[in-house]
Amino acid sequence: MRPFEYSRAQSVGEARTLGGRYIAGGTNLLDLMKLEVETPEQLVDITRLPLNEIKETEDGGLKIGALVTNSVLAADERIRRDYEVLSRALLAGASGQLRNKASTGGNLLQRTRCGYFYETSRRCNKREPGSGCDAIGGFNRIHAILGQSSNCIATHPSDMAVAMMALDAVVETQQADGHEREIPLKDFYRLPGDTPHIENELKEGELIVNIRLPKPKSGYHVYRKVRDRASYAFALVSVAAIIKTDGNTITEASLAFGGLAHKPWRDPKIEEMLVGQGPRRKLFEDAADALLAEAQGQGENDFKIPLARRTLISVLAEATQGA
Amino acid sequence: MNVTLSINGRYHTLDIDPRTSLLDACRDHLALTGSKKGCDHGQCGACTMLVNGRRINSCLTLAVMHENDTITTVEGLGTAENLHPMQAAFVEHDGYQCGYCTPGQIVSAVGMLGEIGDGWPSHVTKDIKTGTELSGDEIRERMSGNLCRCSAYPNIVDAIETAAGKTKEPA
Amino acid sequence: MNKHVMDEAIGETRLDRNTQGVIGKGAPRYEGKLKVSGTAPYAYEHLGGEDVAYGFIVPASIARGKIRSVDTSAAEAVPGVLKVISGEKIVRAASQPMAPAAQTIDGEVFHYNQPVAVVIADTFEVARHASKLVKVEYSETEGRFDITNRHTVREPDSMPMTPNQSRGDFEHAFAEAEVQFDQTYTTPSYQAAAMEPHATTAKWDGNHLTVWTSHQLLETAPGQIAKHTGIDEDKITVHSPYIGGGFGSKLGLGPDAVMAANATIAIGKPVKIALTRQNVFQATSRRGETIQRVRIGATKAGKITCFAHETDTTNSPGNGFFEPSGISSLFLYPGKDRIIAHNIVETDVLMTSAVRAPGEATGMLATESALDELAETLGIDPVEFRRMNEPEVNPQDDRPFSSRRLMECIDEGAKRFGWSDRPEKPASRREGEWLIGYGMSSASRKNDLMPSAAEIEMSSDGRATVRTGMTDIGTGTYTILQQIAAEMLGLPLDMVDVELGDSRFAASSGSGGSWGANSAGSSVYVASLALIRELASRLDADAETLTLKDGHAIFGNKQIPLPDILKGETISVTGKIEPGKQAEETHQASYGAHFCEVGVNVVTGETRIRRLLTVGAAGRILNEKTATSQCYGGQIWGIGYALEEDLVIDKRNGLIVNHDLAEYHVPVHADVPALEVVLLEDRDPHASPLAGKGIGELAIAGVGAAITNAIYNACGVRIRDYPATLDKVLAGLPDDYLTAA
Ligand SMILES: Cc1cc2nc3c(=O)[nH]c(=O)nc-3n(C[C@H](O)[C@H](O)[C@H](O)COP(=O)(O)OP(=O)(O)OC[C@H]3O[C@@H](n4cnc5c(N)ncnc54)[C@H](O)[C@@H]3O)c2cc1C
Ligand code: SF4
Ligand code: FES
Ligand code: FES
């Protein structure tokens, strides 16, 4: 870990003006700083900022402070009742100890678990732009099958963000100059392209203040995570689904996927395919095939294509039956 | 850099490198070596401490971030002469072998019972809208952040069940 | 010294009489309260409060080549850095078990992330960062990373077994066999991954070197450190009172010990080096990957006529140790014509060495699967197939078995488990999304007795203290030695203390190969007998008939408290056990059986263990609690080997990619349901004076195959390439995976 200057911000304004890398739960940033994958020179401790409440909004949604921990968020009664998919996703992630520290803002910004990103002696465009990508042709079991580029095939590891994506969450920020903005989560993350080191739309020094959830989506909520052991492992594939039916037809569908891409994946096209249709296996298969039409395996992760297909079909079957 | 830490009911003022983790502050600077380092990256749970009553991985947090927090380590739960009920249950059920993951398991278990007491759901809770009950499956899921390579898991679960019966109000 | 050589079978002993009533009982661990309160000191935790320095290793960023230069200037310029050590004081990895010393790097890189230097600084944080500033230049050469390439194939050393043993003419017999079974199985490399990373605290006071290190086998440690430091062996003391798990990975001396010892001598103050988790994965040792070909000839009626088990495994240059996958195949199944063979394929990857149950842990993944496959081909139930092929004598050399209760274990297990309820056909039982299957396997673990010595001191108040250089790696050594001494000497448990892990104590077997309890325990037995003779002679009584109970000597109609016999004196005796003719005249092994029920998710291919039962017969059980715990450990390792563990080597550059506990998956609580372990009442009078055999590694032998056999029964997918991760299962799952809609 490189030496850094540590300061603790007492207010959002102070945090912005201190300038430096924000540290919240620290569970991802310190992990990477120990290995010198991350090397900030200034560290601004934001844990004392008053951003740890979950408030109801006028439009019937919720505003989640960036510092609300993953545990508190998962256990919040409103989340459990109205946004079950989010609670489920959070509970499927990491461990009890980590969730007690991990913050809502930090979770959105956690970085990939690609082994070559972590190993500083290997080539990685995300860590060292232009150096190459050792995951291509290497051990890429956990890597992307959608949206990857020839520069980076990493996946985003978050479970929470997948559910937030399905819920149409909005990220509220303050930029270094105090300017406030709102970024819908669907526009927040970037695909790797030529710049895998730029992962989202945040500008230097921009602070996530809140994450807003629009009013609850009714219907059947499910978060299905497939992984290499029963707990405490990242998703190979995950599906967040909120499906509403009126008995005969699907009236609303929101679907997002983890483990498939550089960002939590959402594909409006398959939701459109489903809405207005009667639930049946052929429909689910067509939706899965549409989702994966462009999917490309990297060798070790080829299995993610059939796995994602089967998991989605099964989730749709469960959700339409449960709805 | 100066920091004052409240650990097990005592205040300690330290002049430390800001890079020092809470775990290393205890192990290297305060001779509180009950909390163990198994990975230093949040991957094993051996370093589990309670901070303001909640369990965390003390390897993934900086000591300087914990001014004014109330920190409990395994040494603060009980002593060899006067064991906490959770510690006694681990002895009774052979909930350990080499003992290296054990302080982390014990502190985590105490924190975990607190979470269940507060009605927090888990990944295996059937209906998260209504609440949760203590069961073997709940314990196993909630304790999964504590690896035990000796694999004392069955006995750890038994020990926790025993202690849960004895401790209504976990520390 | 009082010595017992195991030349003859043992008769009835004081342990059988059980006068004190403590042997065998599930006494709580002697050191338990220290462990649960966090006050048992592990290697890194000594010298609390003293002014110490910290070390951090600089790893190589290539896999093979020469070190051209090491530039330490930037690191040394960091305030707080005391010294950077490189060159001949640096070792490649841990030493091999019982090796005279570790391999030094000699200006070369032998594997990726091998140590090339170590930075010593006032604080851990400074050392860690400065390690990144050491600039090393290399001349890189091409490395060999893939076992399947077989670039360099060589014969292994004869440790831990004679690598190639054959009998008769297998090829001929196989060609003639009515049924020929020929399959190849692969197991990946594994990490022992003990929870305590190897660590050392070393202190040189100008005259004496004291080393606290996490090490299973103390006997050779001072000599090794002497070689690496140039300090006389008699000026070196090594302590290892608590060890946070070893599983073989700490049978060799860790690189941290060598570096910390040299560092404290260089800087004149104590030095602590704990390996990082990443170092543990890349600078200690690992279990070699294997490719195993199993060929079995049988009659149509189900009699095995010939057996061949041929293994390729890996090691790095200069290392002759091999994963002896065929170790159980030597004696488990019949056939007069047989081949058990091993090759080392040399690779430029971290050296391979002993990990829990070397041989059985990998070999029986193959052979116990093979038995299952062959039984199915023949249309015979796997339990019955084993019954039909129980050899009368050791098929390798016709020696009698000291005792072999394999079929009793299998039958007891089948009954308790409800084996008769096994789904007859694969993929025929389903509960919702889960396909249910049963599988079973045999278990066996070769038994060894090793030379070991212990001292017992009885102080004038009648308290006894056992001292031996033996270690307790979580196996329960403290407790069983306490129980043996207490039973033999007729003392309540709290009148017996045990001190372990000090190189000045009587030389012991160390903790390895499951021989620890038997060997060290037997030495305590021998010492106890000597102490009893001493007490008897003071009483003018016959040692044989002297009864000891609750701190009293009882003979004739007299009952005398021990202090009255000792009369203010302290007595000290030493006892030693040595293996003898019994080890040659009989073939000794522990036996067992595993039964498993799995669920395979029909959508995703995920496997979950629903039930797992192990029945074992391992001679006298010294402490039923710690013995059961050991078996749980073996079962759970089996779960890991069957389903999760896979140390991935990048075949292009030799990097161990998943070198931490986030991506190298070991079982977590949620992977493990309630388990069942049954230990048969058993005695093996040929094995040791305790009539006990090794148990620590029995339960891992075969269990993974019971799981993959159950996977086959559940879904029809046969896993021959371990582990059975969901991608491998998925490929063969049925298409009717929907339970709803
Ligand atoms: C062993 C292990 C297993 C895990 N398993 C899972 C899993 O299964 N599923 C899963 O989803 N996650 C998993 N995680 C990841 C975990 O969820 C994240 O580490 C955590 O959510 C990050 O939150 P944090 O508050 O600790 O972030 P930090 O580490 O504090 O910060 C992460 C990043 O966000 C930035 N940041 C933080 N807050 C703000 C803010 N308000 N505004 C702007 N920038 C900010 C930081 O500068 C940093 O770049 C695992 C982690 C570990 C170590
Ligand atoms: S996949 Fe992305 S993160 Fe991984 S090595 Fe390639 S560039 Fe780096
Ligand atoms: S040491 Fe903190 S989680 Fe492993
Ligand atoms: S007791 Fe050894 S790791 Fe848990």
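The values are calculated or read from the model by the stated rules, or taken from the named source; none is laboratory data. The structure presented is a predicted model; accordingly, all values stated were derived computationally and were not measured. FYI the Cβ positions are ideal-geometry reconstructions off the backbone, even for glycines, and counts take in every protein chain you see. Quick note on the areas: whole protein, heavy atoms, side chains included, nothing else; ligands and nucleic acids left out. Shrake-Rupley method; radii C 1.70, N 1.55, O 1.52, S 1.80 Å.
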Given only helices, namely DSSP H runs of n ≥ 4 each adding -39500 (n - 2.57), what is the per-residue ellipticity at 222 nm of chain A, to the nearest 500 deg cm²/dmol? -8000 deg cm²/dmol
Which of C:TYR712, C:GLY248, A:GLY96 sits farthest toward the positive end of the charge dipole of the protein assembly as shown, with +1 on the Cβ of Lys and Arg and -1 on the Cβ of Asp and Glu? A:GLY96
When the label point is put 7 Å from the Cα of C:ARG504 along its Cα-to-beta-carbon vector, which residues of the stretch C:462-497 have a backbone N closer than 18 Å? C:465-471
5 Å is the cut-off here: which amide hydrogens, built 1.01 Å from N in the peptide plane, fall below it relative to C:MET6, excluding neighbours closer than 5 in sequence? C:GLU578, C:GLY580
Between the stretch C:657-707 and the stretch C:286-346, how far is it from one alpha carbon centroid to the other, in angstrom? 21
Taking C:GLU178, C:GLU676 and ranking on accessible area (1.4 Å, protein atoms only), highest first, one gets C:GLU178, C:GLU676
Interface residues, the stretch C:614-632 - accessible area loss of 40 Å² or more versus chain alone, probe 1.4 Å: C:LYS625, C:SER629, C:TYR632
Between the stretch B:11-74 and the stretch A:183-260, what is the C-alpha centre distance in whole Å? 33
What's the carbon and sulfur percent of the stretch A:222-320's accessible surface, probe 1.4 angstrom, rounded to a whole number? 46
Counting only backbone N atoms under 19 Å from a point 7 Å out along Cα-to-Cβ of B:ASP118, the residues of the stretch B:23-56 in range are B:48-56
Comparing B:LEU50, B:LEU77, B:LEU60 in a Gaussian network model of chain B (Cα, 10 Å), the one with the largest mean-square fluctuation is B:LEU60
Qualifying GluC sites (Glu not before Pro) in the stretch C:485-548, DSSP loop, other Cβ atoms within 10 Å at most 13: C:GLU544
Am I reading the B/A interface right? What is its buried accessible area, both sides, 1.4 Å probe, to the nearest 100 Å²? 3300
In this structure, among C:LYS66/C:LYS651; A:LYS101/C:LYS651; A:LYS282/B:LYS129, pairs with alpha-carbon gaps over 26 Å are A:LYS101/C:LYS651; A:LYS282/B:LYS129
Give the aspartates and glutamates reachable from A:LYS225 as a straight Cα distance under 16 Å; neighbours fewer than 8 places away on the same chain don't count. A:GLU84, A:ASP159, A:GLU318, B:GLU141, C:GLU433, C:GLU606, C:ASP671, C:ASP727
To the nearest 10 square angstrom, how much accessible area does A:LYS215 have with a 1.4 angstrom probe? 130
What are the ³J(HN,Hα) values, in whole Hz, obtained from phi via the Karplus relation 6.51 cos²θ - 1.76 cosθ + 1.60 with θ = phi - 60°, for each residue of the stretch A:137-152 in sequence order, with x given for Gly and Pro? x, x, 7, 10, 4, 9, 8, 7, 10, 10, x, 6, 10, 6, 9, 6
Checking the cross-link filter: which aspartates and glutamates have an alpha carbon closer than 17 Å to that of C:LYS558, excluding same-chain neighbours under 8 positions apart? C:ASP540, C:ASP542, C:GLU544, C:ASP550
Please list, in chain and number order, the residues 5+ apart from A:VAL209 or on another chain whose amide H is under 5 Å from its amide H, with Hs placed from the backbone. A:GLU172, A:THR173, A:GLN174
Per-residue HN-Hα couplings for the stretch A:14-23 [Karplus 6.51, -1.76, 1.60; θ = phi - 60°; Hz; x = Gly/Pro]: 5, 4, 4, 7, 5, x, x, 7, 7, 10
Gained length - C:LYS135 relative to C:THR148, 0.36 nm times residue gap less alpha-carbon distance: 1.2 nm
Find the relative contact order for the stretch B:2-75 and round it to a whole percent, using C-alpha pairs within less than 8 Å whose residues are 6+ positions apart. 40
Relative compactness, the stretch C:440-511, computed as alpha-carbon Rg over 2.2 N^0.38 Å: 1.29
Just how large is the dipole of the stretch A:222-320 about the Cα centre, in debye to the nearest 20, putting +1 at every Lys and Arg Cβ and -1 at every Asp and Glu Cβ? 300
Take the alpha carbon atoms of the stretch C:388-417, find their center, do the same for the stretch C:1-40, and report the distance between the two centers in whole angstrom. 28
GNM result for chain A, Cα springs below 10 Å: residue of A:GLU199, A:GLU56, A:GLU172 fluctuating most strongly: A:GLU56
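Relative contact order (percent) for chain C, with alpha-carbon contacts under 8 angstrom and 6 or more residues of separation?
18
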Normalised by the residues of chain A, what does the relative contact order come to in percent, with Cα pairs under 8 Å and at least six apart? 17
Filter the DSSP H helices in chain A by two things, a Kyte-Doolittle mean of at least -1.0 and an axial alpha-carbon span of 20 angstrom or more, and list the hits by number. A:304-322
Under a 5 Å amide H to amide H cut-off, with H placed in plane at 1.01 Å, what residues pair with A:GLN42 once short-range neighbours are removed? A:GLU5, A:ARG21
C:LYS269: which lysines have alpha carbons under 29 Å from its alpha carbon, excluding same-chain residues fewer than 8 sequence positions away? A:LYS34, B:LYS36, B:LYS37, C:LYS35, C:LYS83, C:LYS89, C:LYS132, C:LYS135, C:LYS203, C:LYS227, C:LYS235, C:LYS250
Full extension between C:ASP550 and C:ARG538 adds, at 0.36 nm per residue less the Cα distance, a length in nm of 2.5 nm
If you take every DSSP beta bridge whose two residues both sit in chain C, what share of them, in percent to the nearest 5, is antiparallel? 75
Expressed in nm to one decimal, what extension gain is obtained for the pair C:LYS425 and C:THR739 from 0.36 nm per residue of sequence separation less their Cα-Cα distance? 111.0 nm
Given C:LYS33/C:LYS625; C:LYS336/C:LYS425; A:LYS55/A:LYS244, the pairs whose alpha carbons are separated by over 24 Å: C:LYS336/C:LYS425; A:LYS55/A:LYS244
Please give the residues of the stretch A:3-33, grouped as numeric ranges, whose backbone N is less than 16 Å from a label point set 7 Å along the Cα-to-Cβ vector of A:LYS203. A:16-20
Surface per residue (accessible, 1.4 Å probe) for chain C, Å²: 30
Accessible-area value, A:GLU272, 1.4 Å probe, nucleic acids and ligands omitted, Å²: 130
Summed for both chains, how many Å² of accessible area, to the nearest 100, are buried between B and C with a 1.4 Å probe? 4400
If I model a spin label at C:ALA9 and B:GLU81 as a point 7 Å from the Cα along the Cα→Cβ vector, what separation in nanometres do I get? 5.3
With θ taken as phi - 60° and the coefficients 6.51, -1.76 and 1.60, list the Karplus ³J(HN,Hα) couplings across the stretch B:90-102 in order, rounded to whole Hz; mark glycine and proline as x. 5, 5, 4, 9, 6, x, 5, 10, 5, x, 6, 7, 4
What is the dipole size for the protein assembly as shown, taken about its Cα centre, with +1 at each Lys and Arg Cβ and -1 at each Asp and Glu Cβ, in debye to the nearest 20? 860
